[in-house]
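What follows is calculated from the coordinates using simple rules that are stated; it is not laboratory data. Since this is a predicted model, take the numbers as computed values, not measurements. FYI the Cβ positions are ideal-geometry reconstructions off the backbone, even for glycines, and counts take in every protein chain you see.
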């Protein structure tokens, strides 16, 4: 199976603007950011979280605590996926008890990743509230999960794939819609 | 039955023959070996493209009967022998009870007379129960039919006793077949001592545990004048000792087994218990030294050391598995591949090592196609290749390290005493 | 731990039998994964659902409390079900053979067998007889891979790297599976390894491991970044070669005086349990250079990583 690029959904500028907007929405939503932490889901969500935190810090002059969550061990498809997932470390060096957490991921799809992330977070403590920010919401939910902050809604069909590329990992910023094509 | 085997490449080292001849077999003996025979006969066998040689003679096999019929019997062992081209096998005395008296020799002879598909030469024990304490009665065992003595499986540790045994053997004119191993040095060892034993975490068996006893037995042979035959030589130091003894005129002969030149200690690293034998598989240098010794005559014979063990005995931890592998059915192919194809010996040289020399060492009427000799004959398709599979094994036990190997050279026909016991790779008469 | 982001698993094996059979990359990958698991072991809730629904059997033919407990804890923290089977093995006792036991365990649909055995190669033999994963928890004198992995993990944690370090292994090398796994592992990761023991406890051909062998403790300590001190088994194999414990302690026992000439930050490891006053003085065992208890803690993370990797290994190497 190979991926065939169909269209570009967002470019560097669009991604930056969306994140800027989400940062403002988060600031607006909470009366105070004193109790708010941003936690990205590895791998790309963690990079987006870093960007969000720096935007929030620029605007409010205060940097909320930042964490990175590895959800591999909580995946419900661990024994079914075709390649062995690599276990990375969760890096959250603050107590999440009672905190308002904004989880960050790149693409919201079936909701299963977020389900895993919620389980993983609960094992780390008892947050006061958990919200979700996603750069792309492509629909097709399989669980009752929704995002509180969305960069862009992208209607897709089931055999399409949304690829988020970030300069930290992929060397450039863009979101493309691809089609699964038999190789 | 009168047979004529036509157009074969006849190899008979005893008569220095290697060429296309016809052979007339009649009345259980070789009647003639000449070009283009036209005599009347009952059956003509066209051996064109094949090798016709005296039946192979194995100096060293464990037929396990009496006592361990679950591993092998005279019937199954000789059936395996015929498959491998052997018409005579020497059975070692480490049976239960040990072949240490004329009574047991006769008991084995009776079994052989009833069940064996080929000739069986019997080696009696050097000491009673092979316990290394009291010397057995060589003269009486010889009278009963034993052709040699050996405490195979162990050495006679007591050097004074061994000296007495060799004096008795010289007197009674029996060959002493020596298993050379200092049991104190090799104690609990399971593989060759060196990096392999170290990395596998197993206790090693040093070459010294072998060659120190080889040195002792050669010295005793020189002193007593007895005919000493060194069994399953595995290391280069033993080779050198034998080479020097021979040039000094000591009555010593030697054998090695195909696994010692076809395999090395590296084969053990997967803890495959079919690679566990005593002496152990040695280093590449040792295997090379053995090839050289085969080429220059230091090693007189290739013997199988056929040592059957059941699957349940072998399918255990390496430390717990018994030593030994079966070999009757693979010895010829391995020797062709490892020795003839790589020009270590000629075909005639190979037949010497597998037939003529072993017969000579034990003084057997075998190993030759001379007129009047018993018609023990093997016909070999030298180029036929086949995969050696577990299902093909005739021996009761399947403990071969060569399962899965592509082998070359197949025995097609075998005559024992003029009787055709194998025809086109099929046994001619059922043998129980 | 390491900051390298590995995006693709390099682990393909269903079994962990020894470090001899692993590449440098595979060893580094286990250590990286263990680093991720170490974080789990520091949480309040030290349990993740990764191996939920899987079953791990601890099949121990030799008495062991430490290794068995460590494996059991590791499996439980991965949410696997754990069964402990303690048994004895002997060629004389005509019980069930190792292979039969393995096949019976497999018939119970067990995913992973952790085996400790007094015979070298037992794990290899078991692994090729069953389709379940097999983890070697120590076989004879052959290998004890998870011990060496936790030694390497601990040293890397303390000194930041393995490559280029001088690591000396001191004690009964001949009869030690820990020594063999350490030699394979540390040399593959680029450490300069010296083994030190009285001559009769250094086995044949040792230099082919790519290590230096010496009978002189001072030489082993000279310039060493870390020492791994092995347990002397006077009740067993070691006694044959070195009859007097006191004499051994005098010559090879690690004391503060002997360490005085070494680097201030020399790391002292021991696989445990320690014979205080034989291979090591209490002062050293409890001193500031000792990482012995860190090794125990790290053992759980390393074994979690190993159990996770073999249990979820994909592709045909089952």
Check your understanding: When DSSP beta bridges are limited to those with both residues in chain B, what percentage is antiparallel, rounded to the nearest 5?
Key -> 50 percent
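Summarise the partner chain shielding of C:43-51 as one whole number: the mean count of Cβ atoms from other chains within 10 Å of each residue's Cβ. Could you put the intermediate results ahead of the total?
Working: counts 5, 5, 4, 1, 2, 9, 9, 8, 3.
The shielding value for this peptide is 5.
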Review point. Which distance in nm do the two modelled labels at residue A:129 and residue B:219 give, with both placed 7 Å along the Cα-to-Cβ direction?
Key: 9.7 nm
Check your understanding: Using Cα atoms only, what is the angle between the long axis of helix C:66-77 and the major principal axis of chain C, expressed in degrees (0 to 90) to the nearest 10?
Key -> 40 degrees
Revision key, fill the gap. Within 10 Å of the Cβ of an average residue in B:312-325, the count of other chain Cβ atoms is 5
Point to revise | region C:146-296 - percent relative contact order, Cα under 8 Å, separation 6 or more | key: 24 percent
Review point. Using 1/(1 + (r/R0)^6) with R0 = 60 angstrom and r between the beta carbons of residue A:12 and residue C:219, what's the FRET efficiency to the nearest 0.05?
Key: 0.50
Practice item. Compute the FRET efficiency between residue B:133 and residue B:184 as 1/(1 + (r/R0)^6), taking r as their Cβ-Cβ distance and R0 = 25 Å, and round to the nearest 0.05. Key: 0.90
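Which of A:92, B:242 comes first, and how do the rest follow, when ranked by fewest Cβ neighbours within 10 Å?
The order, fewest Cβ neighbours first, is A:92, B:242.
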Revision key, fill the gap. Using alpha-carbon positions, the gyration tensor of region C:161-225 gives root eigenvalues a ≥ b ≥ c; with a/c under 1.5 called rounded, otherwise prolate if a/b exceeds b/c, else oblate, the class is oblate
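Just need the relative contact order of region B:55-362 here, percent rounded to a whole number, with Cα pairs under 8 Å and 6+ apart.
17 percent
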Check your understanding: On a 0 to 90 degree scale, rounded to 10, what angle separates helix B:208-224 from the longest Cα axis of chain B?
Key -> 70 degrees
Review point. Gain in length, residue B:103 to residue B:346, computed as 0.36 nm per residue apart minus the alpha-carbon separation, to one decimal in nm?
Key: 83.2 nm
Practice item. With a cut-off of 12 Å, note down the residues of region A:123-155 whose backbone N falls inside the zone around a label point 7 Å from the Cα of residue A:30 toward its beta carbon. Key: A:128-132
Study note, to complete from the structure: Expressed in nanometres to one decimal, the distance between label points 7 Å along Cα→Cβ at residue C:128 and residue B:172 is 4.4 nm
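Provide the percentage of antiparallel DSSP beta bridges, counting only those with both residues in chain A; round to the nearest 5.
40 percent
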Check your understanding: Computed FRET efficiency, Cβ-Cβ of residue B:371 and residue C:296, R0 60 Å: what is it to the nearest 0.05?
Key -> 0.15
Point to revise | Overall Cα dimensions of region A:12-158, principal axis frame, Å, largest first | key: 45, 35, 25
Revision key, fill the gap. Percent antiparallel among DSSP beta bridges confined to the protein assembly as shown, rounded to 5, stands at 35 percent
Point to revise | Other protein chain Cβ atoms within 10 Å, averaged over every residue that makes up B:192-199 | key: 6
Check your understanding: With each pseudo-label sitting 7 Å past Cα toward Cβ, what's the residue C:260-residue B:36 distance in nm, one decimal?
Key -> 10.2 nm
Review point. Under a GNM of chain C (C-alpha, springs under 10 Å), which listed residue has the highest mean-square fluctuation: C:66, C:116, C:77?
Key: C:66
Practice item. Give the order of C:9, A:7 when sorted by the count of other beta carbons within 10 angstrom, beginning with the fewest. Key: A:7, C:9
**Study point:** Helix axis angle, B:74-83 relative to chain B longest principal axis, alpha carbon, degrees
**Key:** 60 degrees
Study note, to complete from the structure: Expected sort for C:141, C:11 with the fewest Cβ neighbours (10 Å cutoff) up front is C:11, C:141
